[in-house]
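A.B. asks: Starting off with a structure, shown below.
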Amino acid sequence: MIALLGCGDRSETSDKTVETKNLEYYNPTALIEAAELKTAIDSSDPIQIIDFRDAEDYLNGHIPTAININRIDVVDTNAVTLDLIADRSTVEEVLQKKGISADNRIIIYDDKASCYAARLWWVLNSYGLENISLLNGGYTAWINLKQELERVDGAKRVELAASDFRFPESTNPKFVDVPFILEILDDKDWIIVDARSIEEYTGT
């Protein structure tokens, strides 16, 4: 739905009824509502919840059964470029240690308007995982639903037995490296989109 705002000098009103219709998300499974998540937890559905916040915030209260993964766990700490995602095997190892199963639907949330959670969603999806969802509204949506939180003392977290998690094999990579970009610079079959600000784009 698109809302257009404008100004004018006419105050005339109309009695015409404007027909509207609800639009669906392009990929509805990429989001889950807080009420749906509550039902899934109560029904013991095959889901796993990832709290993608700082450890301190997690310990102070998190959605029941959620495990904690930090941003630093899925970035390449040796890379010169800030926040470059870790390679496939490194992310697999993190998920294995956390007990994540590729057979379950994975729900991710944060308390930063889903900015960080969406990045983790993108990382997992880039490596071929599809059964993953963002909690619509994140941690705040769960709080607004007035649902219970789990709190733990000290450094204790929800811990699961290690899993044999593996990303599915994919022949359609969703990100590329610099050598690849250099290779296709003059290839008219490719379009490169710069999503930075205009100042960054122009170097001003």
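The values are calculated or read from the model by the stated rules, or taken from the named source; none is laboratory data. Remember, it's a predicted structure, so these values are computed and weren't measured experimentally. Every residue, glycine as well, gets a Cβ built from its backbone with ideal geometry; the counts of neighbours run over all protein chains shown.
A.B. asks: Look through 118, 195, 113 and report the one residue that is on the phi > 0 side of the Ramachandran plot and without any contact (Cβ under 8 Å) to a residue 40 or more places away in the chain. Even if it seems obvious, please write down each step before you answer.
C.D. replies: Details: 118 fails: on the phi > 0 side of the Ramachandran plot; 195 fails: on the phi > 0 side of the Ramachandran plot.
None of the others qualify; the one that does is 113.
A.B. asks: Report yes if residue 142 is touching a helix residue (DSSP H, G or I) at 6+ places or on another chain (Cβ under 7 Å), more than 15 Å from residue 49 (Cα to Cα) and aromatic (Phe, Trp, Tyr), otherwise no.
C.D. replies: Details: touching a helix residue (DSSP H, G or I) at 6+ places or on another chain (Cβ under 7 Å): yes; more than 15 Å from residue 49 (Cα to Cα): no; aromatic (Phe, Trp, Tyr): yes.
For residue 142, the condition - touching a helix residue (DSSP H, G or I) at 6+ places or on another chain (Cβ under 7 Å), more than 15 Å from residue 49 (Cα to Cα) and aromatic (Phe, Trp, Tyr) - is not met.
A.B. asks: Considering 186, 194, 164, which residue is under 30 Å from residue 41 (Cα atoms) and in a loop (DSSP other than H, G, I, E, B)? Give the steps one after another, and end with the answer.
C.D. replies: On the way: 186 fails: under 30 Å from residue 41 (Cα atoms); 194 fails: under 30 Å from residue 41 (Cα atoms).
Among 186, 194, 164, only 164 is under 30 Å from residue 41 (Cα atoms) and in a loop (DSSP other than H, G, I, E, B).
A.B. asks: Right, next: Can residue 24 be described as under 21 Å from residue 160 (Cα atoms), without any contact (Cβ under 8 Å) to a residue 40 or more places away in the chain and exposed (fewer than 15 other Cβ atoms within 10 Å of the Cβ)? Write out each step before concluding.
C.D. replies: Details: under 21 Å from residue 160 (Cα atoms): no; without any contact (Cβ under 8 Å) to a residue 40 or more places away in the chain: yes; exposed (fewer than 15 other Cβ atoms within 10 Å of the Cβ): yes.
Considered against the rule, which asks whether it is under 21 Å from residue 160 (Cα atoms), without any contact (Cβ under 8 Å) to a residue 40 or more places away in the chain and exposed (fewer than 15 other Cβ atoms within 10 Å of the Cβ), residue 24 comes out as no.
A.B. asks: Please determine whether any residue of the stretch 167-183 is among the basic types (Lys, Arg) and farther than 30 Å from residue 58 by Cβ. Give the derivation first.
C.D. replies: Residues of the stretch 167-183 among the basic types (Lys, Arg): 174.
Next, from what is left, pick out any that are farther than 30 Å from residue 58 by Cβ: none.
The answer is no; no qualifying residue exists.
A.B. asks: (1) part of a helix (DSSP H, G or I); (2) more than 27 Å from residue 29 (Cβ to Cβ); (3) not basic (Lys, Arg): which one isn't true of residue 82, the others all being true?
C.D. replies: (1)
A.B. asks: Within the stretch 177-192, track down each residue that is over 22 Å from residue 79 (Cβ atoms), aliphatic (A, V, I, L, M) and under 27 Å from the mean Cα position of the chain (by Cα).
C.D. replies: Listed by number, the list holds a single entry, 191.
A.B. asks: Is it the case that some residue within the stretch 132-146 is assigned to a helix (DSSP H, G or I), among the hydroxyl-bearing types (Ser, Thr, Tyr) and surrounded by 14 or more Cβ atoms within 10 Å (Cβ to Cβ)? First the steps, then the outcome.
C.D. replies: Initially, the stretch 132-146 is screened for residues assigned to a helix (DSSP H, G or I), giving 138-144.
Applying the additional criterion that residues be among the hydroxyl-bearing types (Ser, Thr, Tyr) yields 139-140.
Next, from what is left, pick out any that are surrounded by 14 or more Cβ atoms within 10 Å (Cβ to Cβ): 139-140.
Looking for residues that are assigned to a helix (DSSP H, G or I), among the hydroxyl-bearing types (Ser, Thr, Tyr) and surrounded by 14 or more Cβ atoms within 10 Å (Cβ to Cβ), one finds at least one in the stretch 132-146, hence yes.
A.B. asks: Taking the stretch 111-128, which residues are small (Gly, Ala, Ser), surrounded by fewer than 17 Cβ atoms within 10 Å (Cβ to Cβ) and under 19 Å from residue 33 (Cβ atoms)? If you could, list the steps in order and put the result at the bottom.
C.D. replies: From the stretch 111-128, those small (Gly, Ala, Ser) are 113-114, 117-118, 126, 128; that's our starting set.
Add one more test, that the residue is surrounded by fewer than 17 Cβ atoms within 10 Å (Cβ to Cβ), and what stays is 113, 126.
If the condition is that a residue be small (Gly, Ala, Ser), surrounded by fewer than 17 Cβ atoms within 10 Å (Cβ to Cβ) and under 19 Å from residue 33 (Cβ atoms), then 113 is the only one that fits.
A.B. asks: Within the stretch 77-109, track down each residue that is among the charged types (D, E, K, R) and farther than 14 Å from residue 127 by Cβ.
C.D. replies: 83, 97, 98, 103, 105
A.B. asks: Oh, and also: Answer yes or no as to whether residue 94 is surrounded by fewer than 19 Cβ atoms within 10 Å (Cβ to Cβ), closer than 28 Å to residue 150 by Cβ and among the β-branched types (Val, Ile, Thr). I'd like the intermediate steps shown before the answer.
C.D. replies: Working: surrounded by fewer than 19 Cβ atoms within 10 Å (Cβ to Cβ): yes; closer than 28 Å to residue 150 by Cβ: yes; among the β-branched types (Val, Ile, Thr): yes.
So residue 94 passes the test.
A.B. asks: Right, something else. Just checking, how many residues over the stretch 38-77 are hydroxyl-bearing (Ser, Thr, Tyr) and without any contact (Cβ under 8 Å) to a residue 60 or more places away in the chain? Quick ask: steps written out before the conclusion?
C.D. replies: Filtering the stretch 38-77 down to residues hydroxyl-bearing (Ser, Thr, Tyr) leaves 39, 43-44, 58, 65, 77.
Within this subset, residues satisfying the condition of being without any contact (Cβ under 8 Å) to a residue 60 or more places away in the chain are 39, 43-44, 77.
The number of residues fulfilling the criteria is 4.
A.B. asks: Would the stretch 32-41 turn up any residue that is closer than 24 Å to residue 127 by Cα and at pLDDT 85 or above? Steps first, answer last, please.
C.D. replies: Going through the stretch 32-41, the residues closer than 24 Å to residue 127 by Cα turn out to be 32.
Within this subset, residues satisfying the condition of being at pLDDT 85 or above are 32.
Within the stretch 32-41, one or more residues are closer than 24 Å to residue 127 by Cα and at pLDDT 85 or above.
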